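Student: I'd like to ask some things about the structure below.
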Amino acid sequence: MKFFAKINQSVKMAMKSILGNKARSALTMLGIVIGVSSVILLTGIGGGTTKAITDQISSMGTKLITVNTNRRGSTRSVDYDDLSEYVEDNPELFSNLCPYISGIAQAKLGSENFQTSLDASDEQYESIKNVELISGRFISEFDCENRAYVVVVGTYIQRELFGGMNPVGEYIKLNGKQFKIIGVYDETADSTKNSQDNKVTIPYTTAMRFLKNKKISTYYLEAKNEDVVDMAVSSVKSFFARKFGSDSGFSVTSVSVIIDTMNEILGMMTTMLAGIAAISLIVGGIGVMNIMTVSVSERTREIGIRKAIGARTTDILMQFLIESVLLSAIGGTIGILVGIGLGPVVKSLLNLEFAVQMNMVIISFAFSAAIGVFFGIAPAKKAANLHPIDALRAD
Amino acid sequence: MIRLENIKKIYHMGETDVHALDGVSLHIKPHEFVAIIGPSGSGKSTLMNMIGCLDVPTDGECWIDGVAVSKMRDNQLADLRNRKIGFIFQQYNLLSKLSAIENVELPLIYRGLSQAERTELAKEALKRVGLLDKINHKPSELSGGQQQRVSIARALSSKPSIILADEPTGALDSKSGIEIMQMLHELHSEGNTVVLITHDLNIAKQAERIVTIKDGLIVSDTENKNDRNEASL
């Protein structure tokens, strides 16, 4: 109780002293304000950029695992049924699987003739790859079983060949074969010829016959959830290694592995930025120490009076330490507000992503308070250890 | 109350040692009004520092209210000053940024009293010196005499055993000086122990007992029976 009363009193005295020297206090705080706000800003930009990139990658599906088998010799391939069975046997790791074939096709409608990228899969592809359609439906299990000549087209084809009209139910020629359009993809790019919107998707069974390609070189697997992605990846690797009799000839990648790597790199960059900003925080701390040292010499007589009437060494120490901690903590708080306030400005001016990092807000506040202690302790000790007689004699 | 036994204080000034006090013994009884007089350099300030527990002797022992001081640590000395000694300085030594009442409360803060207790005791002390109407004034808004009365109130607020006044009239005009001396007399007659340090014989003569110090030694220690009469003149 007595201790808290004394602390409370010290805080009051410190506030009085800080407010009594407004210009000087403001200039001292400025160093801390600049330091803290740049930490908040730079880590915010780092965090925002990381998030933007991660989101972009995540949109490809964080649970997605891609297996590529190099087309090298006919012995090295894995049958779709075998892999299906394996996926079904491991429901705790996998929730879905689809084959994937890609190639190029010559599209023709009337007099229009152009190249388009063709891919092929089955009905599971829709959910695994988060396919979005603007009209019609995706390939069904029935289509695959019947090797149906049906196709889902991109918006380039809709625009170029059908003038933006709904093409579902119409026909298009791919490599000379007539395909019925059953659906239209949502626009992913800008619907131009060289974009991802110039594409068609057909049942994989149709593609195997049509492209005269008997092997499925790529599989997409979906992990049950984000937590088991790593385990699922290694499980699939061992499955393929068993089938292939070696560790080579195939590759297994997952988006979460890419995200992990990206996060690591971007995290290092953010730390580096924060480190640079922290240097200005330390410079600000030296400013606090400078002012506290001046303040102690100016107030030598005050210290003498306080000691004469009964202030203990610790009372004086606390008074000056609390003053320097308050100075830097107030500076830190202002810095946090400035940093958060400047975030949107930087975002719009420099076209950078910005996301306030709450942990950095807490860390930089704690750090600025710690700077107050660290750089305040020497001047406070100097004040506390003054001899009352010497201090009283000072002018 | 105060007992000094063969007090020596030696300051090391470069190569030479200065014997500020060279074996001083002094006994001040409760409720006494003692003046310590001596020219500058006589050692009276050093003696005041000993009595006021601002410093510890190089040799000898000093007892305040039966408590030996010489082996005390800084914090123990601070507590002793806080509880037993009320200082009145020549230059008032008020904190310029604090109001009168905040100055008076200062020793009570270091004693750890609550705000309510402090306000009560500080008002009581300011009432005693007749400044209850000026409690929120800063020292710069008060006259010299008023400032010295605030410092007396500060000395009184903690109800100390000893009031130690170091040239209390030294910075005041003669009228204010008389007022301050009057107040010390009143405090003495109310039962306080008052120790007055001065170089001015006219001031010293107002005390019950005059101790003269020279070159670090007490050269005379006399009763002064007519103190009250002279003071009232």
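Student: Out of the residues in the stretch A:234-267 that are assigned to a helix (DSSP H, G or I) and among the aromatic types (Phe, Trp, Tyr), state the one that is surrounded by the fewest Cβ atoms within 10 Å (Cβ to Cβ). Show your work before the answer.
Tutor: So in the stretch A:234-267, the residues assigned to a helix (DSSP H, G or I) come out as A:234-244, A:255-267.
Checking which are among the aromatic types (Phe, Trp, Tyr) leaves us with A:239-240, A:244.
Values: A:239: 19, A:240: 22, A:244: 17.
If we take residues in the stretch A:234-267 being assigned to a helix (DSSP H, G or I) and among the aromatic types (Phe, Trp, Tyr), then A:244 is surrounded by the fewest Cβ atoms within 10 Å (Cβ to Cβ).
Student: Same structure again: Can you find, within the stretch A:108-167, the residue that is surrounded by the most Cβ atoms within 10 Å (Cβ to Cβ) among those that are in a helix (DSSP H, G or I) and of a type in the set (A, V, I, L, M)?
Tutor: So, considering only residues that are in a helix (DSSP H, G or I) and of a type in the set (A, V, I, L, M), the one surrounded by the most Cβ atoms within 10 Å (Cβ to Cβ) is A:157.
Student: Something else now. Quick test for you: out of B:73, B:128, B:118, B:83, pick the one residue that is under 27 Å from residue B:170 (Cβ atoms), more than 8 Å from every other protein chain (Cβ to nearest Cβ) and not aromatic (Phe, Trp, Tyr).
Tutor: So the residue among B:73, B:128, B:118, B:83 that is under 27 Å from residue B:170 (Cβ atoms), more than 8 Å from every other protein chain (Cβ to nearest Cβ) and not aromatic (Phe, Trp, Tyr) is B:128.
Student: Tell me yes or no: at least one residue of the stretch A:69-77 is hydroxyl-bearing (Ser, Thr, Tyr), outside the structural domain of residue A:196 (by TED's automatic domain parsing), surrounded by fewer than 14 Cβ atoms within 10 Å (Cβ to Cβ) and not in a helix (DSSP H, G or I).
Tutor: yes
Student: When the residues of the stretch B:48-70 are narrowed to those that are β-branched (Val, Ile, Thr) and outside any helix (DSSP H, G or I), which ends up nearest to the other protein chains (Cβ to nearest Cβ)?
Tutor: My answer is B:56.
Student: Out of all the residues in the stretch B:27-44, is one or more assigned to a helix (DSSP H, G or I), in contact with a strand residue (DSSP E or B) (Cβ under 8 Å, 6 or more places away or on another chain) and of a type outside the set (A, V, I, L, M, F, W, C)?
Tutor: Within the stretch B:27-44, one or more residues are assigned to a helix (DSSP H, G or I), in contact with a strand residue (DSSP E or B) (Cβ under 8 Å, 6 or more places away or on another chain) and of a type outside the set (A, V, I, L, M, F, W, C).
Student: Are any residues in the stretch A:290-314 of a type in the set (Val, Ile, Thr) and under 24 Å from residue B:155 (Cβ atoms), and if so, which ones?
Tutor: Within the stretch A:290-314, A:300, A:303, A:305, A:309, A:313, A:314 meet the criteria.
Student: Now for a separate question. Quick one: which strands (runs of 3 or more DSSP E) lie wholly within the stretch B:143-218 and hold at least 3 residues that are surrounded by fewer than 23 Cβ atoms within 10 Å (Cβ to Cβ) and on the phi < 0 side of the Ramachandran plot?
Tutor: Hits in the stretch B:143-218: B:209-214.
Student: Sticking with this structure for a sec: Among the residues that make up the stretch A:374-386, is at least one of them under 14 Å from residue A:281 (Cβ atoms), surrounded by fewer than 21 Cβ atoms within 10 Å (Cβ to Cβ), assigned by TED's automatic domain parsing to the domain that holds residue A:327 and out of contact with any Pro (no Cβ under 7 Å at 6 or more places or on another chain)?
Tutor: So the first thing to find is which residues in the stretch A:374-386 are under 14 Å from residue A:281 (Cβ atoms), and the list is A:374-375.
Going one step further and asking which of them are surrounded by fewer than 21 Cβ atoms within 10 Å (Cβ to Cβ), we end up with A:374.
Right, trim to assigned by TED's automatic domain parsing to the domain that holds residue A:327 and you get A:374.
Of the ones still in play, those that are also out of contact with any Pro (no Cβ under 7 Å at 6 or more places or on another chain) are A:374.
Taking every residue of the stretch A:374-386 in turn, at least one turns out to be under 14 Å from residue A:281 (Cβ atoms), surrounded by fewer than 21 Cβ atoms within 10 Å (Cβ to Cβ), assigned by TED's automatic domain parsing to the domain that holds residue A:327 and out of contact with any Pro (no Cβ under 7 Å at 6 or more places or on another chain).
Student: Among what's in the stretch B:86-114 and is within 14 Å of the chain's Cα centre (by Cα) and within 7 Å of chain A (Cβ to nearest Cβ), pick the residue that is surrounded by the fewest Cβ atoms within 10 Å (Cβ to Cβ). Spell out how you get there, then give the answer.
Tutor: Looking only at the stretch B:86-114, we keep the residues that are within 14 Å of the chain's Cα centre (by Cα), and these are B:86-93.
Filter once more, keeping what is within 7 Å of chain A (Cβ to nearest Cβ): B:87, B:93.
On the way: B:87: 25, B:93: 22.
The extreme case among them is B:93.
Student: Among the residues of the stretch A:1-20, how many are of a type outside the set (D, E, K, R), surrounded by 15 or more Cβ atoms within 10 Å (Cβ to Cβ) and at the interface with chain B (Cβ under 10 Å from one of its Cβ atoms)?
Tutor: Result for the stretch A:1-20: 5.
Student: Could you grab me the full set of residues in the stretch A:190-216 that are touching a Phe, Trp or Tyr at 6+ places or on another chain (Cβ under 8 Å) and in a loop (DSSP other than H, G, I, E, B)?
Tutor: Of everything in the stretch A:190-216, those that are touching a Phe, Trp or Tyr at 6+ places or on another chain (Cβ under 8 Å) and in a loop (DSSP other than H, G, I, E, B) turn out to be A:191, A:192, A:193, A:195, A:197, A:198, A:216.
Student: Of the residues B:165, B:116, B:171, which single one is of a type outside the set (Ser, Thr, Tyr) and touching a Leu at 6+ places or on another chain (Cβ under 8 Å)?
Tutor: From the options B:165, B:116, B:171, the qualifying one is B:165.
Student: Would you check if there is a residue in the stretch A:192-210 being without any contact (Cβ under 8 Å) to a residue 40 or more places away in the chain and basic (Lys, Arg)?
Tutor: There is no residue in the stretch A:192-210 that is without any contact (Cβ under 8 Å) to a residue 40 or more places away in the chain and basic (Lys, Arg).
Student: For residue B:10, work out the one condition from (1) under 22 Å from residue B:161 (Cβ atoms); (2) touching a residue at least 40 places away in the same chain (Cβ under 8 Å); (3) of a type outside the set (Ser, Thr, Tyr) it doesn't fulfil.
Tutor: (1)
Student: Would you point out which residue out of A:389, A:309, A:340 is over 24 Å from residue A:12 (Cβ atoms), within 14 Å of chain B (Cβ to nearest Cβ) and of a type in the set (Val, Ile, Thr)?
Tutor: Testing whether each residue is over 24 Å from residue A:12 (Cβ atoms), within 14 Å of chain B (Cβ to nearest Cβ) and of a type in the set (Val, Ile, Thr) leaves just A:389.
Student: Could you grab me the full set of residues in the stretch A:328-350 that are among the hydrophobic types (A, V, I, L, M, F, W, C) and either crowded, with 21+ Cβ neighbours inside 10 Å or within 21 Å of residue A:278 (Cα to Cα) (or both)?
Tutor: A:329, A:330, A:334, A:336, A:337, A:338, A:340, A:342, A:346
Table: residues versus (1) of a type outside the set (A, V, I, L, M, F, W, C); (2) in contact (Cβ under 8 Å) with a residue 12 or more places away in the chain.
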| position | (1), (2) |
| --- | --- |
| A:17 | yes, yes |
| A:22 | yes, no |
| A:26 | no, no |
| A:34 | no, yes |
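Student: Could you list, in sequence order, the residues of the stretch B:51-87 that are touching a Pro at 6+ places or on another chain (Cβ under 6 Å) and over 14 Å from residue B:161 (Cα atoms)?
Tutor: Passing the criteria: B:54, B:70.
The values are calculated or read from the model by the stated rules, or taken from the named source; none is laboratory data. The structure presented is a predicted model; accordingly, all values stated were derived computationally and were not measured. Note that we place each Cβ from the backbone using ideal geometry, even for glycine, and neighbour counts take in every protein chain shown.
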